[in-house]
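Chemist: Before I ask anything, let me first share the structure, which is written out below as structure tokens.
The values are calculated or read from the model by the stated rules, or taken from the named source; none is laboratory data. Just so we're clear, the structure is a prediction, and the values are computed from it rather than from any experiment. Here the Cβ positions follow ideal geometry from the backbone for every residue, glycine too, while neighbour counts run over all protein chains shown.
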Amino acid sequence: MRMFEFFFKYRPIVYEKGRLSFQLLSSKWFFIPLALIAIGVAIYFYRRVAKEKLSPWMIVLRAAVFVILLFMVLQPILNVSQVLPQDSYMAVVIDTSQSMNIKDDGQTSRSEQLLKKVEETKFLQELEKKFKVRLVEFNQEARRIDATAELRFNGQRTRLEAPINLLQQEMGTLPVTGVVLITDGVDNASQELSLAINKLQKRRIPFYTVGVGSEEITRDAEIIKVTGPREMLKDSTAVVEVQFKSSGLSGRKATIDVRENGTMVKPQEVTLPPDGQVGEISIDVPVKNQGNQIFSFSIKVADDRIAENNTLDSLITVRDDHPKILYVEGEPRWEYKFIRRSIADDPNLYVESYLRSSQNKYYRQGIADEATLADGFPTKKEDLFKYSGIVLGSIESTFFNKTDQLEMIVDFVKERGGGFLMLGGKNSFSAGRYQNTPIADMLPVELLPDRALPVIDKVKLELTDYGRTHNLMRLSGDPATNNKIWGQLPPLEDFNRVGDVKPGGIVLARGEPENSSGNPILLAYQRYGRGRAMVFTTGSSWHWQMEMDHEDQTSELFWKQTLRWLVSASPAPVMITTDKDTYLPGEAVSISADVADKTFTRLNNARVNAKLTGPDGTNETLSLDWSGTQDGSYQTQVTAATKEGTYQLEVDASTATEKLGTYKAAFQIKDRPVEFYDAALDAGNLRSIASQTGGRYYPLDKIADIPEDAVYVDTPTSFVEQKELWDVPILFMMLCLLLAGEWIWRKRKGLA
Amino acid sequence: MMGPVAENPTSMKKWLLKIGSVLPVVLFVLAGFANTGSESTPEFFFTRLIYGNGGGPARTPRLDIRCADLAAGEGGTRYGGGWATDFPASDCKFMWGVERLTGVRVFDKGPHVVAAMDPELFNYPYLYIVEPSRMYLTSEEAKQIREYLDRGGFLHVDDFWGLRQRAVVEEELDKIFPDRKPVKLDLKHEVFHTFFDVDQVMQIPNVSNGCNGGRTWESADETEPMIFGISDDNNRLMVIITYNSDLGDAWEWMDNPCYPEMYSGQAYRMGINFILYAMSH
């Protein structure tokens, strides 16, 4: 500032706010033709100089000298409006949110730096010489204070519209010259900030924004987002995506600690990404305990300066459900035995199997009672739709010849949302004549047009790129170990050839046959309607059990994961959920329910109520209304309470004639220390506010300039001061330089 | 003026003949490497365990026997007693019956044998041991069979009679499972109901006793037929033991007019139930 004033005599704001005029001219625009005349005179002076000695630069330099002299002679002035001392009000608004406690340099907090600077520069005293000062502190709310000693930097939010609204209310009729807004700039709670600023713009009240803090946080690691499943079956593995970033710690090793309700589950090492980039990792979290479990993810690294942004939670409702799977096998074979054995000790999966042991004889296993499957494969939707998954082994399409059973299987997936898996075998895929059946449309792969029996060949299973990252194929949480496990599996002994994967299909594994050609698809799936359809084109995975040590659990783990995954997305006839698992106090909670009958026909005329129970046991009943746009979809909205904790929702749906079902879900209300997320000084936002209102932005170390600058405001009570420009030092300096420059040039050309 | 020189037609023909004779061979050989399965590609091999009797671990012999070569009514023991008792007639005839009565795709072209230490053991999850009182397992064989069973393999032990033979068999089984004892099975056990409903423990006599029509037992010190099982921790049968019965003979002599059908029928019913159990549990 001082340098500027040295050359230009006045502060920059004078030039910003001032209007140029000339005392000897009635209009400043007359200067232009006069300047042109001065240029013409310069050209005239060089008319006699021989061309070989003449340089256009000499003319330019001479002309510039004449123009400057003309400027000075015409007595230029800047007319700048200025307020009278103590004639108007200046509001000083100070941010007292928690982010002001951040120590950007690791030693001094922002609030300490601010108070020190205010003290050093006697900012308030200087301001009070010129204005009537009103002090306001704000965080999520704003209030008047009398002295800086009342400041307490403990607000949980920064809501910039709060002080603006307060000023509107309390100082709406007073002559307010400006507002000094001292903050680190991050607004995380305003709803209509631009509207609030508009009102001040209309009153032409400039904001002098002062940025506190560092525009870049050094040495901070932060968890940005945690995305996990809302529900899991007990004894499964939830895959949670954790996003994180860091500043000033790029490349360092950090640890993400995973806790379940405060109890350590596992640490996960990560490498921090470069500044400005987001790191992401998928963490396998075992879910063993039934109920609503809070899994927290905390990042730890040495030298981290802001610990408050290191942890985020994910609420997972762990169900001890028992989804039923119907497994139909067309012939006694080892694959059938070993699949059943693999999942036998899974407490949650119930597999009811129907084995055709001879042409007209069937062996049922895992059935709940003697009546189950006594009449064969279900012929009614309500019987089939009780299952969450269907597995077809080596069973030909013509087996299903009653009452459109094939269509029913497709509806099972499309409408009911069940999972479907076809295994390889002598009677599967094209070998089972499924081409040109409704099942073929559902599969993620095309079927060969002709009947093709399985290829008997040793074939090594290879994961595709997608398979390497898919949670279904995780036999280990560590990617390198996972690849090794898959690589060490014994080769399979057969596969059914299928066609290409369909556009919506995902191939998880292909084969490397020993003698056959190509890389046949071994494992693929696709979403189909509300459900999922999968193929595993071999019937010989039992070799993974018989050819590996009995303690090895790879085969068991693969089948448990596969079948759990198959049914994990199968909905219940009545379900309820919320749009998020975690809400801030006061945030809007959107509750939605899907309602269908036992054939999964979605109903729009059901009575749907939900009981909302808080952590202290208090409850209220909510009524959900049909959305009006989507069949079977019901909605309502509530405002999240201020009391933190886990909230239970239980929906009950019925029609006039029958009870449709109940379902439970949960969400949590938790105040997040948002002040510590993206906590760098947002100077851009402050510059924008200043610019929109006709003010200026100042870094904290320039706060002392404000009392001098803020007087230059055009108000009804301002007076206009004329500031002379003819004696501005820069003009004299330019004259000397230009004259010297011209003389040097003339000398070189032999003219001087 | 000279015209174009014609190629020698004889050398062209020879060249074509060579190609034509080699090509089918090449195609045949290549095709053979990658087999497309047929309807009868077998799933189940009735696998007879080759055992020694104290001379060290047994080895899988190279045999070239086809079931189709069996003479009508042939039985007898081509290869002596011990592991080869009733071999190969009982294997072939049993498999023919399984194939006819069930949906199991059996290997019925010839008998199938394996020794305990043969790595191929683990490719065949069903094993049959006959006349186990003549068997002596080395410790490594016992360990291998235990591993086989722990992985999910199934074993049928058949054809031993009386207390003396029982003691020997128990000692051999003890080498495999020192921590698990054979338990007498109740007829309510699932293994008796997987395909047929077996409602009695019938004594299946050897061919001599069967054809004579007299006693069906072989050793007077204990004559009652019993079926024992050894189960895993999840209560699945790993080993089934037909004591004081000879299912092997019943399969072997099923087409001998003097051998009563009721014994063969029961032997087939039991054997098929065992196979279905092994392939579903």
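Chemist: Can you name every one of the strands (runs of 3 or more DSSP E) wholly within region A:522-620 that holds 2 or more residues which are surrounded by fewer than 23 Cβ atoms within 10 Å (Cβ to Cβ)?
Modeler: Values: elements: A:531-536, A:574-578, A:588-595, A:607-613.
Filter on region A:522-620 gives A:574-578, A:588-595, A:607-613.
Chemist: Does at least one position in region A:499-519 carry a residue that is under 22 Å from residue B:279 (Cβ atoms), of a type outside the set (A, V, I, L, M) and in contact (Cβ under 8 Å) with a residue 24 or more places away in the chain? Break it down into steps so the answer makes sense when it comes.
Modeler: Kept after step one, since they are under 22 Å from residue B:279 (Cβ atoms), are these residues of region A:499-519: none.
Scanning region A:499-519, I find no residue that is under 22 Å from residue B:279 (Cβ atoms), of a type outside the set (A, V, I, L, M) and in contact (Cβ under 8 Å) with a residue 24 or more places away in the chain, so the answer is no.
Chemist: Restricting to region B:105-162, what's the tally of residues that are of a type in the set (Gly, Ala, Ser) and either buried (at least 23 other Cβ atoms within 10 Å of the Cβ) or more than 19 Å from residue B:85 (Cβ to Cβ) (or both)? Full working, then the answer.
Modeler: Applying the first criterion (of a type in the set (Gly, Ala, Ser)) to region B:105-162 yields B:110, B:115-116, B:133, B:139, B:142, B:152-153, B:162.
With the extra rule that they be either buried (at least 23 other Cβ atoms within 10 Å of the Cβ) or more than 19 Å from residue B:85 (Cβ to Cβ) (or both), the set shrinks to B:116, B:139, B:142, B:152-153.
Selection size over region B:105-162: 5.
Chemist: Report the residue count in region B:70-104 for those that are assigned to a loop (DSSP other than H, G, I, E, B) and either surrounded by fewer than 21 Cβ atoms within 10 Å (Cβ to Cβ) or away from chain A (no Cβ under 12 Å) (or both). So that I can check it myself, show each step before the final result.
Modeler: Step one: list which residues in region B:70-104 are assigned to a loop (DSSP other than H, G, I, E, B), which gives B:70-81, B:85-88, B:102-104.
Now drop any that are not either surrounded by fewer than 21 Cβ atoms within 10 Å (Cβ to Cβ) or away from chain A (no Cβ under 12 Å) (or both), which leaves B:70-81, B:85-88.
So the answer is 16.
Chemist: Restricting attention to region A:458-496, and to residues there that are in a loop (DSSP other than H, G, I, E, B) and modelled with pLDDT of 95 or more, which single residue is nearest to residue A:537 (Cα to Cα)? Even if it seems obvious, please write down each step before you answer.
Modeler: Let us first name the residues in region A:458-496 that are in a loop (DSSP other than H, G, I, E, B), namely A:464, A:470, A:474-478, A:489-491, A:496.
Remaining after also requiring modelled with pLDDT of 95 or more: A:464, A:489-491, A:496.
Details: A:464: 15, A:489: 17, A:490: 16, A:491: 14, A:496: 5 Å.
In this case the residue turns out to be A:496.
Chemist: Out of all the residues in region A:300-320, is one or more touching a strand residue (DSSP E or B) at 6+ places or on another chain (Cβ under 9 Å), away from chain B (no Cβ under 14 Å) and within 30 Å of residue A:494 (Cα to Cα)?
Modeler: no
Chemist: Let me ask you something else. Regarding region A:95-112, can at least one residue be identified that is of a type outside the set (Asp, Glu), in contact with a strand residue (DSSP E or B) (Cβ under 8 Å, 6 or more places away or on another chain) and not in a helix (DSSP H, G or I)?
Modeler: Scanning region A:95-112, I find at least one residue that is of a type outside the set (Asp, Glu), in contact with a strand residue (DSSP E or B) (Cβ under 8 Å, 6 or more places away or on another chain) and not in a helix (DSSP H, G or I), so the answer is yes.
Chemist: Tell me yes or no: at least one residue of region A:497-514 is of a type in the set (A, V, I, L, M, F, W, C) and in a loop (DSSP other than H, G, I, E, B). Can you show your working first?
Modeler: Step one: filter region A:497-514 for residues of a type in the set (A, V, I, L, M, F, W, C), giving A:498, A:501, A:506-509.
If we keep only those that are in a loop (DSSP other than H, G, I, E, B) too, we end up with A:498.
Yes, the conditions are met somewhere in region A:497-514.
Chemist: Quick check on my filter: what residues within region A:146-157 are of a type outside the set (Gly, Ala, Ser) and either touching a Phe, Trp or Tyr at 6+ places or on another chain (Cβ under 6 Å) or modelled with pLDDT of 85 or more (or both)?
Modeler: Our first condition is that a residue be of a type outside the set (Gly, Ala, Ser); within region A:146-157, this holds for A:146, A:148, A:150-154, A:156-157.
Those that are of a type outside the set (Gly, Ala, Ser) and either touching a Phe, Trp or Tyr at 6+ places or on another chain (Cβ under 6 Å) or modelled with pLDDT of 85 or more (or both): A:146, A:148, A:150, A:151, A:152, A:153, A:154.
Chemist: Can I ask one more? Looking only at region B:163-189, which residues are assigned to a loop (DSSP other than H, G, I, E, B), in contact (Cβ under 8 Å) with a residue 24 or more places away in the chain and surrounded by 13 or more Cβ atoms within 10 Å (Cβ to Cβ)?
Modeler: B:177, B:180, B:182, B:185, B:189
Chemist: Scanning region A:546-555 for residues that are in contact (Cβ under 8 Å) with a residue 12 or more places away in the chain and within 43 Å of the chain's Cα centre (by Cα), which turns out farthest from the other protein chains (Cβ to nearest Cβ)?
Modeler: The initial filter retains those residues of region A:546-555 that are in contact (Cβ under 8 Å) with a residue 12 or more places away in the chain, namely A:546-548, A:554-555.
With within 43 Å of the chain's Cα centre (by Cα) added as a condition, the list becomes A:554-555.
Working: A:554: 12, A:555: 9 Å.
That would be A:554.
Chemist: Grab the strands (runs of 3 or more DSSP E) fully contained in region A:330-418, keeping just those with 1 or more residues being under 30 Å from residue B:44 (Cα atoms) and within 14 Å of chain B (Cβ to nearest Cβ).
Modeler: Ranges flagged: A:350-358, A:361-365.
Chemist: Now for a separate question. Could you tell me whether residue B:255 is over 27 Å from residue B:176 (Cβ atoms) and more than 14 Å from chain A (Cβ to nearest Cβ)? Quick ask: steps written out before the conclusion?
Modeler: On the way: over 27 Å from residue B:176 (Cβ atoms): yes; more than 14 Å from chain A (Cβ to nearest Cβ): yes.
Against the criterion (over 27 Å from residue B:176 (Cβ atoms) and more than 14 Å from chain A (Cβ to nearest Cβ)), residue B:255 qualifies.
Chemist: Report whether or not residue A:343 is in contact with a helix residue (DSSP H, G or I) (Cβ under 6 Å, 6 or more places away or on another chain) and either at pLDDT 95 or above or buried (at least 22 other Cβ atoms within 10 Å of the Cβ) (or both).
Modeler: yes
Chemist: Return the residue satisfying two criteria in turn: it lies in region B:226-252 and is part of a loop (DSSP other than H, G, I, E, B) and within 18 Å of the chain's Cα centre (by Cα), and of such residues it is nearest to the other protein chains (Cβ to nearest Cβ).
Modeler: As a first pass, look at region B:226-252 and keep what is part of a loop (DSSP other than H, G, I, E, B): B:232-236, B:244-246.
Those still in the list that are within 18 Å of the chain's Cα centre (by Cα) too: B:245-246.
Values: B:245: 24, B:246: 25 Å.
If we take residues in region B:226-252 being part of a loop (DSSP other than H, G, I, E, B) and within 18 Å of the chain's Cα centre (by Cα), then B:245 is nearest to the other protein chains (Cβ to nearest Cβ).
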